[in-house]
Amino acid sequence: MNSTLMKNFFVPLIAATALALTSAASAAPGDVDKGEGIYVKRCLQCHGDEGDGLGPAAERLNPSPRDFTLGLFKFVTSAFDADMPLDADLMRMVRDGMPGTAMPGWSDLLSEQDMWDVIAYIKTFAELEGEAEEKLDYGTQVKSSPESIAAGNKLFHDGDRCSECHGAEGKGDAIKKLKNDNGERTWPRNLTKSWTYRASNDAKDIFARVSVGIPTTQMPSFADPKSKKKLSIEDRWHVANYVVSLAKTDKTVRPENTVIQAARVEGTLPTLPNDDAWNAAAPSTFFMLPQIVGKERFFKSANDTISVRALYDDTSIALHLEWDDRTKSIPGDNTAKSIADEDLAEDAVAVQFPARIPDGMEKPYFLMGDNSRPVNLWHWSSGSTEEAEKTVLEDARGIANRTAREDNAGLTGKGSYKDGTWRVVLTRPLKTADAENDLQFEEGRFVPVAFFAWDGSNSEADTRHAITTWYWLLMKPAANATPMLTGIAVALLIFGLLVWWGRNAAANKEENP
């Protein structure tokens, strides 16, 4: 076979074969029949056998599982007016999961082909074929800089473009009641908690949300030419850079941080939530989870983290509690009522200590103790239009066995709400007259501590709340020169002994050559 024949026959054949293989790989077609089997085993419990999001576990999940029959998906990178997502968007949701929801990532259990198979099956619920033809236009990315962030800040707030829902500080503090297309209550994203973003807090992903919006919710597309609030590609990058800058990195949960270190202060102990003196105390931030252990179980609490600082002096200890809350829940207030769910209650927080520091490692039951190991609850509530905020000391021997003290044993509290954040300071004497029933604080002792929070606008009251497990509080002894002086004295003593021993050894050698 001559070279011309080879060129005219084999080269096009090889090229066509390579193109076919490349196309097949890029399309990554899934097998619907195999996908059905995977779906039934892995997905049906939440999304339901009809794909309508009404699986057996759905009523206990917040947010609710996706209804695949609508063919609408929230976090996509197809063009804002496309009628379906890109397959790559679906793959990312299945592979990586969605933070802050019950949707896990499946890459550790399913192969890539398994995931493509289940995606193919999921698309059949809405009779979707193929994928969107137009992708989101990212243009030229604008790198983050002080100038870009400043421009994004201005665009974010101009005409309440974004702050109308996300709040002045981006904390999602609502000024109106939002619902999705199914009539379910939705809350604006707290943009300072970047770890809760469903599709990452990378600027490119935020640009996609600003451009495409979030289908089925009230988050609009700012690329829509029909919108009065439309933004250019460059402006959307500025907004994305500004949103990235809002992340509260000092309030990130760090699993290794299990100890609240209370520092000793000289002078006046701060008792007001916004006192600058609190900036000297390092915060410890902990996850909060729904109370699903004791009756009545509650699966959809609103609060997800709490940050704690602690200071003490010769006579008292003060704890500074800070948590983001989208609404100031004041029963009797018409504005609070218009935003809240049906059963508006007070916002509240509680700190839990054992009645006595445990001698061993065994702590009281974390859910408000039990009969054999009672706990103290420092309980603060926000009040109503008829009653002021209130701080109560409670003895608890279980979630259904709490008794308020007539005497607060010197416990006081003060709260402040601003821009979607509650700050509360609780203060109590280190020692009380009732050592049998009250925790007595000691320097250098590790004390178990846990926290509870109630969001009144989320119908949270009594056993319906968020909780943490036990952590530790340590009152650090004040630093002074005693250890250093002791070390120096010991070193001098050893040096003196060595000199004495050396001289004696030399003298003995002279006497006994």
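Just so you know, all these numbers are worked out from the coordinates, no wet-lab data involved. All of these numbers come straight from a predicted model, not from anything done at the bench. Backbone-built Cβ (ideal geometry, glycine too); neighbour counts: all protein chains shown.
For the chain, the relative contact order comes to 12 percent (Cα pairs under 8 Å, sequence separation of at least 6).
Listed from fewest to most Cβ neighbours within 10 Å, the set K135, K193 follows the order K135, K193.
Given a Förster distance of 45 Å, report the FRET efficiency between R405 and A57 from their Cβ-Cβ distance, rounded to the nearest 0.05. Efficiency, rounded to the nearest 0.05: 0.65.
Near L231, within a Cβ-to-Cβ distance under 12 Å, what is the net charge of the other residues, with Lys and Arg +1 and Asp and Glu -1? Spelling it out: positives minus negatives among the neighbours equals +2. Working from label points 7 Å from Cα in the Cα-to-Cβ sense, the N257 to K154 distance is 3.5 nm.
Can you give me the Cα centroid spacing of the range 270-327 and the range 108-142 in angstrom? Each part's Cα centre sits 41 Å from the other's. Magnitude of the charge dipole for the range 146-247, about its Cα centre and with charges confined to Cβ atoms of Lys, Arg (+1) and Asp, Glu (-1), is about 320 debye. Give, as ranges by residue number, the residues of the range 297-317 whose backbone N falls under 13 Å from the point 7 Å along Cα→Cβ of E443. Under cut-off, by backbone N: 312-316. Given R0 = 22 Å, the distance between the Cβ atoms of L178 and T69 translates into a calculated FRET efficiency of 0.45. Listed by chain and number, the lysines whose alpha-carbon sits under 28 Å from that of K123, ignoring those within fewer than 8 places in the same chain, are K34, K41, K74, K135, K179, K204.
Recomputing Cα Rg over 2.2 N^0.38 Å from the coordinates shown identifies the correct label among (1) 0.95; (2) 1.04; (3) 1.30 as (3). Among S329, S316, S232, the order by Cβ neighbours within 10 angstrom, fewest to most, reads S232, S316, S329. Rounded to the nearest 0.05, the FRET efficiency derived from the C-beta distance between K228 and A478 at R0 = 45 Å is 0.15.
Residue exposure proxy: D324, D205, ordered by other Cβ atoms within 10 angstrom of their Cβ from fewest to most, comes out as D205, D324. Pairs exceeding a 20 Å alpha-carbon distance, out of K418/K476; K251/K295; K390/K414; K177/K295: K418/K476; K251/K295; K177/K295. Span-like helix criteria (full DSSP H runs; alpha carbon extent of at least 27 Å along the helix axis; mean Kyte-Doolittle hydropathy of at least 0.5) are satisfied in the chain by 3-27, 482-511.
Dipole magnitude for the chain: computed about the Cα centre from +1 point charges on Lys and Arg Cβ and -1 point charges on Asp and Glu Cβ, it is near 940 debye.
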